[in-house]
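Worksheet for the structure shown next.
What follows is calculated from the coordinates using simple rules that are stated; it is not laboratory data. Keep in mind it's a predicted model, so treat the numbers as computed, not measured. In this analysis, Cβ positions are derived from the backbone assuming ideal geometry, glycine residues included, and neighbour counts consider all displayed protein chains.
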Amino acid sequence: MTTAKPHRGTIHLEDAEILTHEAHPGGQYILRVHSPECAHRAAPGSFAHLTCDPLLPMRRPLSIMRTDPEAGWVEFLYKVVGEGTRLLSRRQTGESISVMGPIGQPFRPRPERPRPLLLGGGVGIPPMVFLADALRREPACKPLVMMGSEVPFPFTSRPSQILVPGIPDGVIAAMPLLEDWSVPSRLCSRQDFPGCYQGYITDLARDWLSALNTQHLQEVEIFACGPHPMLEAVAKLARDYDLPCQVSLEEFMACAVGGCAGCTVQVETDQGPAMKRVCVDGPVFDARAVFP
């Protein structure tokens with residue numbers, strides 16, 4: 001008897017209408033499509049595989065930033081980095097785009113850790129927004145979001161009205177959407193953007209963690225998505241404070257459904273090192289398994 005793969009029956013293919021497609025500085029775009037099945041089934045940390053252009057056969061994986069299951073839309077933030085995303089950036093409102101998703105293992109927050117710290121770097125920001133949206137609906141949960149970028153953020157920041165003890169004076173830039181959700185956020189960059197922490201996101205996170213008392217520190221769990229060096233630094237931060245940490249990996253993908261094994265990474269398991277596919281075994285992994 002063959003055991004069914006855990007992702008089978010969960011990945012759907014839809015022809016989705018582009019509802020909005022906004023350009024932002026730094027070659028960044030926010031794309032919203034009408035994709036009811038994906039919107040209904042997506043969870044924070046999952047992604048979708050999109051066709052960028054009818055003449056380009058290879059899809060591109062994009063992390064999901066927001067969904068509205070009732071309205072049936074899914075929103076993505078992406079940055080133009082190659083031919084595929086360049087062609088995608090030309091797509092217009094009203095056009096149809098093929099969406100395969102949701103794909104991947106999502107974040108799994110621990111209820112006994114009600115002070116989650118969410119760290120998003122660059123195009124690793126979208127999963128943190130999605131996760132914050134889910135966590136804010138939990139009555140006892142108090143998420144804090146930190147975002148880092150070396151290009152202008154794809155939104156106009158505003159001074160936060162939410163006090164966060166342990167954050168250095170003057171670090172007040174926040175994401176308006178999260179402020180509207182009553183979720184505290186702070187922005188980091190080395191580009192001297194007004195109100196931002198001038199340095200790495202992990203340095204700001206360390207300032208905040210160092211200000212917590214023992215009881216509050218034991219309530220923290222870290223979630224992160226971003227470039228590999230950032231995730232490696234986040235994993236070290238989690239080890240330094242003995243905190244659980246989940247990371248979402250960014251890898252080049254071909255099929256994105258586990259068939260080609262082109263996105264494998266080495267992961268430590270109870271049975272020793274093993275090769276895991278980022279697309280369907282991840283993209284979310286325990287940080288200690290990826291960065292032992």
Fill in the blank from the handout: Calc'd 3J(HN,Hα), the stretch 260-274, phi into Karplus 6.51 cos²θ - 1.76 cosθ + 1.60 (θ = phi - 60°), Hz, glycine/Pro = x, comes to 8, 6, x, 10, 6, 9, 7, 10, 7, 10, 4, 9, x, x, 8
Practice task
Can you tell me how much longer the chain between Q198 and R90 gets when fully stretched, taken as 0.36 nm per residue apart minus their C-alpha distance, in nm with one decimal?
Solution key: 35.5 nm
Handout entry: With 5 Å bins from 0: P(r) over the stretch 35-124, alpha-carbon pairs, percent
Key = 3, 12, 21, 23, 19, 12, 5, 3, 2, 0
Problem - Computed lengthening from R110 to Q161, 0.36 nm per intervening residue step minus Cα-Cα distance - result: 15.6 nm
Practice task
Name the residues whose placed amide hydrogens come within less than 5 Å of the amide hydrogen of S98, ignoring near sequence neighbours (fewer than 5 apart) on the same chain.
Solution key: A16, T51
Completion exercise
Sorted on mean Cβ neighbours within 10 Å (highest first), peptides 192-203, 279-290 come out as 279-290, 192-203
Practice task
Using a cut-off of 15 Å between beta-carbons, work out the net charge of the residues near T51 (Lys and Arg +1, Asp and Glu -1, T51 not included).
Solution key: -1
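For the chain, what's the relative contact order in percent, using C-alpha pairs closer than 8 Å and at least 6 residues apart? Walk me through the intermediate numbers first.
Numbers: 668 pairs, mean separation 48.1, N = 292.
Relative contact order of the chain: 16 percent.
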Practice task
Pull up the cross-link candidates among the aspartates and glutamates for K276, meaning alpha carbon to alpha carbon under 14 Å and not fewer than 8 places away within one chain.
Solution key: E250, E251, E268, D286
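Any number yet on Rg/Rh for the chain, C-alpha, Kirkwood?
0.96
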Fill in the blank from the handout: Phi angles of the stretch 71-79, converted by Karplus (6.51 cos²θ - 1.76 cosθ + 1.60, θ = phi - 60°) into ³J(HN,Hα) in whole Hz with x for Gly and Pro, give 7, x, 10, 10, 10, 10, 10, 9, 10
Handout entry: Tensor-based shape of the stretch 141-292 (alpha-carbon gyration tensor, a/c under 1.5 rounded, otherwise prolate or oblate)
Key = prolate
Practice task
Pop a pseudo-label 7 angstrom from the Cα along the beta-carbon direction at both H216 and E70 and give the gap in nm to one decimal.
Solution key: 3.4
Practice task
Would you work out the relative contact order for the stretch 115-248, in percent, from Cα pairs under 8 angstrom that are 6 or more residues apart?
Solution key: 27
